[in-house]
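The values are calculated or read from the model by the stated rules, or taken from the named source; none is laboratory data. It should be emphasised that the depicted structure is a prediction, and the values quoted were computed from it without experimental measurement. As a convention, Cβ positions derive from the backbone with ideal geometry for all residues, glycine included, and neighbour counts pool all protein chains shown. Side chains included, ligands, DNA and RNA excluded: accessible areas come from the protein's heavy atoms. Shrake-Rupley method; radii C 1.70, N 1.55, O 1.52, S 1.80 Å.
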Amino acid sequence: MNLYRKYFSAPWYNRALTRKLCLFTVALFFSLATVVAYAETFCSSPAAWIVSVQGKVELSRNDAPHWQQAAMGTQLCLGDRVRVRKQSRAALRLNNESLLRLDEKTTITLVEPLKDQSGQSTSLLDLFNGAIHILTRTPKPFKIRTPFVNAGVDGTEFLVRVDQDKTKLVVYEGKVTVRNDQGSLILTDHEAAVARNKQAPQKQTIVHPTEAVQWALYYPAIINDRLDYSAQNVDSVVALIYQAEYSLSLGRVEQAKAALEQVILQDTDNSDAYALKAIIAVVQNDKQAAFDFATQSVVLSQTSATARLALSYVQQAQFEIEAALASVQKAVTLDQKNVLAWARLAELQMSVGYLDKALDAAQQAVKLNPELARTQTVLGFAYLLQIRPQQAQAMFAKAIQLDQADPMPRLGMGLAMIREGELEAGRIELEIAASLDPANSLIRSYLGKAYFEEKRFILSGVQFDLAKQRDPKDPTPWFYHAIQKQTQNRPVEALHDIQKSIELNDNRAVYRSSLLLDQDEAARGSSLARIYETLGFEQRAIMETAKSLSTDPASHSSHRFLSDAYINTPRHEVAR
């Protein structure tokens, strides 16, 4: 049995934990719950698996007239239909390794594969209405049918949206052939097309490709979970604030903005409204607007922990990691029982290297509310950074169950599995994370690194390029891409990428403190030295290594390289 089938024929989110049940009772709880979900097998060879459910998602078995509620882990067979209701989302993984993210009001059918004259099968999917974001890395033929046009996929990432009178396709990378009875065309990177009823598909110009997939992005929560919205009048300001954050959790940005405008009309000095507007601006990379909204939120309420949380995200986006930490510490001081503030504090303490403090803060967040996914996620990362991957996996497993749309526990689970030697299973988790937040540069970089470890160099290069596009100021993809190019004997290109990574290094402050930035710079400098050595510039290589050691005297990679450099140098035995 190959690893892929083994991974998905058992409780996928608990597979790595089964040998540790005696240590982690939470894993046992989820295992028992999942056994019930898998009690009935519907087909010997599943066509897909549901990997995320948010809101109301239903399925119909083999065109049956009745619909039933779908759950994470459910197997899907050929002929099954899946529909996502209003204010809901879902994610599926097909047996050809493609990932589908389904928007609200979307209905699809898994169709029997087509066979050509040579007997080769083509996977087939019918999209009746709604939108799907597709991330596929399969070399197998793959086709999507809609009422107005069909799309033939060739290892790509793209979006398909079916409205009442047209179908729109947006290609992020790769190639898609668009065809109907009236004509055909081929779309490549950053191209789009629209096909209307009985009209040939027409290409369209797109300025910002990610705008079409705004509904799939992830917006962090900042409103305290202790508020009792059920007791409020549906037209009240508090209920509108809740509605706005709930809409954001589903990617419904326009609905959230409309609710916030109603709040401001009723209460012009509402601090929470401006805090949420700041979060929207941060995710959409409008840093100036984010700063203005966050500042206004704090000015309107100096005692609001929510305002300080929003400000911390804005400061982090502007590379002011220490200021972000100070804002969160203020939020905790203002509200000692604010779970999101404690979770955010742990997150930022990890960023600056205070690992013990981060663990304490994460444990406090879990103590205040163990049923909030965010608390389990930050505790998982705290364990992971302390090299406790098994405990980290237990936390990530629970976080995934609590919030199936959050990409961060998937990222953590993937990294923990890879650390335990489960490369393929970890890479699958990273692919799911990328599907849950397509615009996240950091996730793309780690996914590219996983493909690199699998020696799938074309796929890893694509992910690094996408990461560079998503966040041009992040040095991470440049660094990893340089290592790959050096491995592929492309030292000149590797030299360019590693120099770019060093140039951008201070932008990593979004995630790291100045101390850890120094360590990052030392690692990049050591890699640069090895590239110079490959190019035959031994003396320059030694100089770069010396610079790395002056930046971080504890850099093991720099010491190792300098030792190797001295191996053939006379009278350098002591130095070596």
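Numbers at a glance
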read-out: Estimated inter-spin distance, GLU454 and LYS115, nm [label 7 Å along Cα→Cβ]; value: 2.8
read-out: Segment LYS175-GLN363, extension gain: residue separation times 0.36 nm, minus the distance between their alpha carbons; value: 63.0 nm
read-out: Accessible carbon and sulfur surface of the stretch 71-179 relative to its total accessible area, %, 1.4 Å; value: 44
read-out: Among the listed pairs LYS140/LYS449; LYS86/LYS449; LYS449/LYS500; LYS330/LYS449; LYS287/LYS449, those beyond 25 Å (Cα-Cα); value: LYS86/LYS449; LYS330/LYS449; LYS287/LYS449
read-out: Per residue solvent-accessible surface (Å²) - the stretch 253-338, probe of 1.4 Å; value: 43
read-out: Cross-link pairs beyond the 21 Å C-alpha cut-off, checked among LYS56/LYS168; LYS166/LYS198; LYS115/LYS143; value: LYS56/LYS168
read-out: Packing-based order for 45-57, 176-188, using average beta carbon neighbours within 10 Å, highest first; value: 45-57, 176-188
read-out: Area accessible to solvent at ASP356, 1.4 Å probe radius, in Å²; value: 110
read-out: FRET efficiency, 1/(1 + (r/R0)^6) with R0 45 Å, evaluated for GLU322 and SER236 via beta carbons; value: 0.75
read-out: Rounded to the nearest 20 debye, dipole of the stretch 37-99 from Cβ charges on Lys, Arg, Asp, Glu; value: 340
